[in-house]
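Read the figures in this text as sums done on the coordinates, not as results from a lab. Since we're looking at a predicted model, the values are computed, not measured. Cβ placement follows ideal geometry from the backbone for every residue including glycine, while neighbour counts extend to all protein chains displayed.
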């Protein structure tokens, strides 16, 4: 469990904040600092896309930075419960939009992210105001390496009342 002094329940622990900040600036050293060496990405709906290792996560993100330089992420909600942080985000780039929820686990010392459970779907907008998630497709990352299909680049924080 993270120390109560490290963060309030209203704010994500520093490693999760640092992760999104590093993605937004494409800061590889920052990514390395906030991910534990044995970091594990779990993708329950596509188990073959999961992996272990901080270096793999960084390689995955670098691939996305190179192949989708216009990516941006908007954080809609964050919830903290002990050592778990849940984030709801939308990632966008030209011609794509992905909705994602990630359940992050922060190590007992509260210094690095030890794992993430990644759930995502492509968003299909049928018309103005229609925000339904397409039930079966992930067209935005077709052709990307399998391990790269889960990552989220640049971050925009939104404030919802």
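Give me 107, 55 sorted ascending by neighbouring Cβ count inside 10 Å, so fewest comes first. Show your work: numbers first, answer last.
Details: 107 17, 55 13.
Ranked by crowding around the Cβ, least crowded first: 55, 107.
Cut-off is 10 Å between beta-carbons; in what order do 18, 120 appear when sorted fewest neighbours first? Intermediate values should be presented prior to the final figure.
Working: 18 20, 120 24.
Lowest count first: 18, 120.
Would you mind ranking 101, 123, 85 by Cβ crowding within 10 Å, fewest neighbours first? Each step should come with its number before you reach the end.
On the way: 101 15, 123 18, 85 25.
Lowest count first: 101, 123, 85.
Provide the packing ranking of 27-35, 111-119, 73-81, i.e. peptides ordered by the mean count of other C-beta atoms within 10 Å per residue, highest first.
Details: 27-35: 17.1, 111-119: 19.9, 73-81: 15.4.
Ranking the peptides 27-35, 111-119, 73-81 by packing returns 111-119, 27-35, 73-81.
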